[in-house]
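To keep things clear, I will list the structure first and then write my remarks on it.
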Amino acid sequence: MRFLPTEEQAAFTGSLDAMLSAADVPRAARAWAAGDHAPGRKLFARLADAGLFALAVPEAYGGAGPLPVELALAFVELGRHAVPGPLAETAAAAALLAEC
């Protein structure tokens, strides 16, 4: 059983880390907490455009997955950067809607 990320998975999380580091997530999180969701939604859209939520959707429905390990690694980075918004809910909804 393998518990370490593959080189491809490490490169994926590295690119996600770089994107989040450049995105000024703390400002978006502070704005979200103050009720201004615009910066968080902008970041959310960037994550969606990057295909983050496609990791939860089967390829037959236009997704990239399901890739639960990659999704879990992505959520580690999202949590480490304290990205605001309904991230887990969106990934769960994408997976559930694909099953309908």
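The values are calculated or read from the model by the stated rules, or taken from the named source; none is laboratory data. Computed from a predicted model, the values in this text were never measured in an experiment. Glycine also receives a Cβ, built like all others from the backbone with ideal geometry; neighbour counts cover every protein chain displayed. All accessible areas refer to the heavy atoms of the entire protein, side chains included, with ligands and DNA or RNA removed. Shrake-Rupley method; radii C 1.70, N 1.55, O 1.52, S 1.80 Å.
Rounded, prolate or oblate for the chain? Axes are the square roots of the Cα gyration tensor eigenvalues, ordered a ≥ b ≥ c, and the cut-off for rounded is a/c under 1.5. Can you show the working numbers first?
Working: a/c = 2.21, a/b = 1.31, b/c = 1.68.
Oblate shape, in that a/c is at least 1.5 and b/c is the bigger or equal ratio.
Ignoring ligands and nucleic acids, what accessible area does Phe12 show with a 1.4 Å probe (Å², nearest 10)?
Spelled out: Phe12, probe radius 1.4 Å, area about 60 Å².
To the nearest 500 deg cm²/dmol, what mean residue ellipticity at 222 nm is calculated for the chain from DSSP H runs of n ≥ 4 alone, each contributing -39,500 (n - 2.57), summed and divided by the residues? All intermediate terms of the calculation are to be shown ahead of the outcome.
Details: 5 runs with 63 residues, N = 100.
Rounded to the nearest 500, the figure is -20000 deg cm²/dmol.
Roughly what would the spin-label model give for Ala93 and Ala11, points 7 Å off Cα along C-beta, in nm?
With each label placed 7 Å out from Cα toward Cβ, I get 3.3 nm.
Taking 8 Å as the Cα distance limit and 6 or more residues as the minimum spacing, I'd like the relative contact order of region 25-99 as a percentage. Don't skip to the end; give the middle numbers.
Numbers: 81 pairs, mean separation 24.9, N = 75.
Reported as a whole number, the value is 33 percent.
What figure, in Å² to the nearest 10, do you get for the accessible area of His37 with a 1.4 Å probe and non-protein molecules left out?
60 Å²
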